[in-house]
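Chemist: Can you keep this structure in mind? I'll have questions shortly.
The values are calculated or read from the model by the stated rules, or taken from the named source; none is laboratory data. All of these numbers come straight from a predicted model, not from anything done at the bench. A quick note on method: Cβ atoms are made from the backbone with ideal geometry, for glycine too, and the neighbour counts reach across all protein chains shown. Side chains are part of the model used for accessible areas, which takes the heavy atoms of the whole protein and leaves out ligands, DNA and RNA. Shrake-Rupley method; radii C 1.70, N 1.55, O 1.52, S 1.80 Å.
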Amino acid sequence: MTSTQERTADMDLPYNVFAKLCPSRGTLEHITGRWGGLTLGALHEGSLRFNELRRRVDGVSEKMLSQTLHALERDGLVHREAQPTNPPRVDYELTPLGREVAERLLSLIHCLEGRMDDVLAARERYDTARGAR
């Protein structure tokens, strides 16, 4: 398939993340944003309560984690279950769609972690070539 045919095929898709107004773009941003990817990765390990999740995703503020969870829940990637206990208990877990997305994301994360020596070496070469530090 030529690149022209590939572009034409892409335009025939019902959703096209490269189109400015496509709703898939917002979901991609929720998944690949700083906290979305880490939240999905953490929840892949199993159901977590809010504070457990906050500890697992080191550095996220309560406000940002709350916003992230709302966005991921709205997109159908995370299920929130509030249990009527005193004090209330809220658990978060991945939906089947969220699990599929998280597995693909974790493949990327593992690839990146496994190649960080190469990334760091590339950064060093780049900085040296440009006289930056």
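Chemist: Got a number for residues in the stretch 70-89 being in contact with a helix residue (DSSP H, G or I) (Cβ under 9 Å, 6 or more places away or on another chain), open to solvent by 30 Å² or more (accessible area, probe 1.4 Å) and touching a residue at least 24 places away in the same chain (Cβ under 8 Å)?
Modeler: Residues flagged as in contact with a helix residue (DSSP H, G or I) (Cβ under 9 Å, 6 or more places away or on another chain), open to solvent by 30 Å² or more (accessible area, probe 1.4 Å) and touching a residue at least 24 places away in the same chain (Cβ under 8 Å) within the stretch 70-89 amount to 1.
Chemist: Which count do you get for residues in the stretch 32-56 that are of a type outside the set (D, E, K, R) and touching a strand residue (DSSP E or B) at 6+ places or on another chain (Cβ under 9 Å)?
Modeler: Residues of the stretch 32-56 that are of a type outside the set (D, E, K, R), as a first pass: 32-33, 35-44, 46-48, 50-51, 53.
Applying the additional criterion that residues be touching a strand residue (DSSP E or B) at 6+ places or on another chain (Cβ under 9 Å) yields 39-40, 42-44, 46-48, 50, 53.
Within the stretch 32-56, residues that are of a type outside the set (D, E, K, R) and touching a strand residue (DSSP E or B) at 6+ places or on another chain (Cβ under 9 Å) number 10.
Per-residue answers, yes or no, for (1) open to solvent by less than 70 Å² (accessible area, probe 1.4 Å); (2) β-branched (Val, Ile, Thr):
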residue: Ala19; (1), (2): yes, no
residue: Pro23; (1), (2): no, no
residue: Leu40; (1), (2): yes, no
residue: Thr95; (1), (2): yes, yes
